[in-house]
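None of the figures in this text is laboratory data; all of them are computed from the coordinates on show. What you see is a predicted model, and the numbers here were worked out from it, not measured in a lab. Heads up, the Cβs are rebuilt from the backbone with ideal geometry, glycines too, and the neighbour counts pull from every protein chain shown.
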Amino acid sequence: MVSTDINIKKSKAFDVAEIRKKFPVLERKVKGRDLVYFDNAATAQKPQVVIDALVRYYHQYNANIHRGIHSLAEEATAAFEATRDTVKEFINARHREEIIFTRGVTEGINLVAATYGRQHIKEGDEIIITGMEHHSNIVPWQLVCEEKKAVLKIIPVDDNGDLVMDDFEKLITPKTKIVSIVHASNSLGTINPVKEIIEIAHRHNIVVLVDGAQSSVHLEIDVQDMDCDFFVISSHKVYGPTGVGVLYGKKELLEAMPPYMGGGEMIKEVTFEKTTYNDLPYKFEAGTPNIADTVAFKAALDFVNETGKENIRRHEEALTKYAMEQLSAIEGVRLIGTSKHKTSVVSFIVDGAHPQDMGILLDNYGIAVRTGHHCCQPLMNRFEIPGTVRASFAMYNTKEEVDELVKGVGKAIKMLK
Ligand code: 7TS
C-alpha cells in the first residue's frame, strides 16, 4: 500500500534541551561553572553519534581501504566511500568523484593553489581575494604570486564588514585568473554575495574558489546553483572530527589539474620511466587517508541533516540577534561586523580592555570565547584593532548562555576599570 501520510515528511520540532543531551561535553564544568561553549567558529563540539562512529570503526572494522579483499577492508572502504556520497548530497555536487577528501579547508586551498594555481598563473597575472580572508586563503595565493611574480588584489571591506562590491568589478582585468573568497567570515560573520561574485567572475572567464569553512555548517550549500569552481569544507566545523575536509571541484577542472601529492592510491601504473595517474577522486588522495575520522564525518552530516539546517539556522539567528542587542547595550562595547547578512558570529571590542584580558576573565566564569585576530590580521588592521572578543553560536547554545556572557562582560568591564 502506498502511504499518503504527509506527516512522515514533517521535520521534527527543534528542541534545544533535547539537542544538548546529545553532546556529552556540554555536561562538564569549567572553573566550577557550567560550560558555556561559544567558540564554535573555531571548532564545534561533537555529538555522541560522531564519537560512537569513531569508536565503532576502531572496535569493529579498522582496516586500510581500497586495497584489501578481506571483509574488514571491504567494510572500511564501504564506510569511507559512503561519506563521499553523503558529502555529495550535502553540497549537491553533480558527481561523487568531484568530492576529494583532504585534512581540512587549509589543505583544500593549498591543493588548488599548488596545482591549478601554479598551472595557470603566469608572470603579471592577478588573483583576487577579499579583505576579510582567513590566513589560509591568503598565504597559499601569496606563495603562488611569489613564485610566478603574480599580483594579489583585494576587495575592500566597509565599516559594517560588507564587501565593497562596486570595487570588485573594477579590480578585474584581462590578467585576472582566479578569485578566491570566503563565503562567511569567521571574524565578522558576514555572508558574502558569492553567487553575484561568481557570476561576475565567470563573465570574465575567471575561476572562483569559495572558502566554505564557516558557511557549510550554517547555510544550505548547493555548489551547482552557486556555480563555484571549487568549494572547501572542514569536517570539524560541521560537528565532525578534526583532520578531515573536502575539496569540491568541477570535474573538468579537477581532471585537467596535475596531482598534488605523489604516492600510493593516486596512481594507475608506476614504472621508473613513467607513472600514470589514477582517476578522480583518487588522483588527489595519495597515501592512507584519515579513515576513521572520514567515516565519522558521515555521522555528523547525517546528524545535521536530521536536525534540519533550517531549524538550526533559525535558532542561531535568534541567538545572534539577541546577543548583538544585549552586548551593544553595554557601555564601552563596540560590535565589529554589523552586516545585515550574518552567520552566528558576534565579535566585539571593549573600550580600554584588551580582548585577551576579556577572554581570560570570561573563562573564569566558564565561558569559552575566542580572542585575538582570528587568523585575519589584515582585517584587524583594516579596523585598526588588535583583535576582537568573538562569541560564535551553534545549535546547542541557549538564550540563557547569552545572558551569562552579557553578565560576564559587564563584570569583566568593572574589574578592568
Ligand atoms: N577559512 C575560514 C573562514 C576559517 O574560519 C578557518 C578556520 C579556516 C579557513 C581554516 O580551517 P582549517 O579547518 O583548515 O583550520 N577558522 C578558525 C577560527 O576562526 N578559529 O580557529 C580556526
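Mind listing which GluC sites (Glu not before Pro) in the stretch 112-189 are in a DSSP loop and have 14 or fewer other Cβ atoms within 10 Å?
Glu123
Dipole size in debye (nearest 20) for the stretch 169-281 around its Cα centre, Lys and Arg Cβ +1, Asp and Glu Cβ -1?
I would put it at about 360 debye.
Let me know the charge dipole size of the chain about its Cα centre in debye, to the nearest 20, where only the beta-carbon of Lys, Arg (+1) and Asp, Glu (-1) is charged.
My answer is approximately 720 debye.
For Cα pairs less than 8 Å apart in space and 6+ apart in sequence, what is the mean separation divided by the residue count of the stretch 277-415, i.e. the relative contact order in percent?
24 percent
Identify all lysines with a Cα-Cα distance to Lys250 below 19 Å; exclude those on the same chain that are fewer than 8 residues away in sequence.
Lys88, Lys177, Lys195, Lys283
Which of the pairs Lys31/Lys237; Lys298/Lys340; Lys340/Lys407; Lys31/Lys340 have their Cα atoms more than 30 Å apart in this structure?
Result: Lys298/Lys340; Lys31/Lys340 exceed 30 Å.
Send over the semi-axes of the stretch 126-281's equivalent ellipsoid, whole angstrom and largest first, taken as the square roots of 5 times the C-alpha gyration tensor eigenvalues.
29, 20, 15
Please work out the Cα center distance from the stretch 139-171 to the stretch 201-240, rounded to the nearest Å.
Cα centroid to Cα centroid, the span is 18 Å.
Want the number for Val25 to Leu143: 0.36 nm per residue separation, take away the alpha-carbon distance, what's left?
38.6 nm
Given contacts defined as C-alpha pairs under 8 Å and at least six residues apart, what's the relative contact order of the stretch 51-305, whole-number percent?
24 percent
If you average the C-alpha positions of the stretch 94-137 and of the stretch 317-373 separately, how far apart do those two centres end up, in angstrom?
31 Å
Starting from the 7 Å offset along Cα-to-Cβ, what nm value, one decimal, do you get for the label separation of Leu416 and Gln119?
4.9 nm
Rank Gly212, Phe272, Ala13 by how far each Cα sits towards the positive end of the charge dipole of the chain (+1 on Lys, Arg Cβ; -1 on Asp, Glu Cβ) and give me just the farthest.
Ala13
Calculate, axis by axis, the spread of Cα positions in the stretch 323-417 along the three principal axes, and write the results as whole Å, longest axis first.
33, 33, 22
Quick one: compute a quarter of the convex hull surface over the Cα atoms of the chain and quote it in nm².
For the chain, averaging the hull's shadow over all directions gives 24.0 nm².
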